[in-house]
């Protein structure tokens, strides 16, 4: 669980101008989370490490992502964010409320969908949807 929380903290600064000042990055098995996002590897880590001690998300985070992947759209994104009270204000960076209020990496991934600064691209969302539609099996290995 601690690894999941550290990953959530690390993602806040992914692509940020003040990466080093915001929150510490997790280094180790998963490497730098911001780097994984920029290199389009975070979706693969979510899938490939599911069910291991290095899992990126617990079940509640996976449920949030599943809710979004069931209907990957701006309307659903806005609904998910509103349900959690994660609507960003004018001048906020997309996902800021998800991170500040709940330290939610999953919320940040959803909040950045459809923005000029997406955390996941369309192929990442497709990989997650395909995996989730299969019931999120442990032992999957995907790569981009």
> Taking the Cβ-Cβ separation of residue 100 and residue 130 as r and a Förster radius of 41 Å, what is the calculated FRET efficiency to the nearest 0.05?
Replying inline: 0.85
> What order do you get for 105-111, 33-39, 80-86 when each peptide is scored by the mean count of other beta carbon atoms within 10 Å, highest first?
Replying inline: 105-111, 33-39, 80-86
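Readers should treat all values here as calculations from the given coordinates under stated rules, not as data from a laboratory. Fair warning: this is a prediction, and the values are worked out from it, not measured in the lab. Because the Cβ atoms are built from the backbone with ideal geometry, glycine has one as well, and the counts that use them run over all protein chains shown.
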